[in-house]
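Peer 1: The following block contains the structure, expressed as structure tokens.
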Amino acid sequence: MLRPCRLLLASVTVLTAGLACGVRPVTRAAPRLPAPAATAGTLNTAGPWPHGVSYATQGLTIATYAIVVVSGDNATRTDTLSATLDASYAWVRSAGLRVIGSLTNYRVAVGGGAAAAPAGLTPNRPFAAEESRAAGPLAFTVPVASTACADPTLSTLQGLHDAWIPLPDTLRLGLEWSDTVQTLSCRDRLPVRGVNARQFRVQRADVENGRVILLIGRRSSGQLAADGEQFGEQVSLGGETTGAMHYVLDIASGLLLRANGTSSLELTFKSRRRNQRVKQVGELTLTWKP
């Protein structure tokens, strides 16, 4: 028998992550230190802007709110989901992209219920991710994929893909690039794989608090899929995702400051005894802290 409500909790963190065929991942030179901050009166708002990786540890909060409509079996149900993820991380000096950090906290609330951590999830869990030819620009190495259905940590961490975006070494107004990402989550012993293509564009430059910031837009589209046995019954899941995000980058420090966006998900659950359709529309807010 399908249990979609628990599966929906996983989908909140994977609305905009995945890998898609035909999109070439961005390749980057070895990380460089950020460019020096511009002095007063010489702020460069026309570009180009050299970009380097900052190795400072940053805190991050990702807040998600979604409305979920489940239909099937001659009934329709509407519910709300909200989730808050807190983490800290830092980029590591290496020949390629690598990040290490800690999942500080994660809470999910369904409807008017109290926010709570998924069963089995404990705070301050370490994680690591690095470039992978098989899984796109960044793939988790800690926790390992084999623990996806034994520990909720890996499923929870998939939301961090919204925070990790590739940036070319030189940015210009109107510059466009793309990448791909792959996710793996699990609910009720059913591995759910997500694939998504992301396109980025430098939209404009502004001055904020005496510093130059760039506004970077992102559009994404992808798929989710799962097949397996759930509670003794063969089930399958298929779906499509779309999303849009807007990032604010501090050019002088090379750090992202904040981001916000929307996402949508349409899923179909199929089994011998039940077919259900799910439509989920969400809003995401990302806030970075020193």
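Quick note: the coordinates plus some simple rules give every number you see, no bench work behind them. This one's a predicted model, so the numbers in the text were calculated from it and none came from an experiment. Positions of Cβ are generated from backbone atoms using ideal geometry, with glycine treated the same way; all protein chains shown enter the neighbour counts.
Peer 1: For Asp79, Asp179, Asp162, what ranking results if the residue with the fewest other Cβ atoms within 10 Å of its Cβ goes first?
Peer 2: The order, fewest Cβ neighbours first, is Asp79, Asp179, Asp162.
Peer 1: How long is the gain from Thr84 to Arg201 if the chain were fully straight, where each residue apart is worth 0.36 nm and the alpha carbon distance is subtracted?
Peer 2: On the way: separation 117, 0.36 × 117 = 42.12 nm, distance 2.72 nm.
My answer for the length gained is 39.4 nm.
Peer 1: Among Ser82, Ser236, which comes first, then next, by fewest other beta-carbon atoms within 10 Å?
Peer 2: Numbers: Ser82 18, Ser236 14.
Ascending number of Cβ neighbours within 10 Å: Ser236, Ser82.
Peer 1: Sticking with this one: For Ser146 paired with Ala225, estimate the spin-label separation in nm (one decimal), with each label point 7 Å from Cα along the Cα-to-Cβ line.
Peer 2: Here the modelled spin labels are 2.5 nm apart.
Peer 1: If you take every residue apart from Phe200 with its C-beta less than 10 Å away from the C-beta of Phe200, what net charge results, scoring Lys and Arg +1 and Asp and Glu -1?
Peer 2: Numbers: positive: Arg198, Arg201, Arg218, Arg219; negative: Glu176, Asp179.
My count for the surroundings of Phe200 gives +2.
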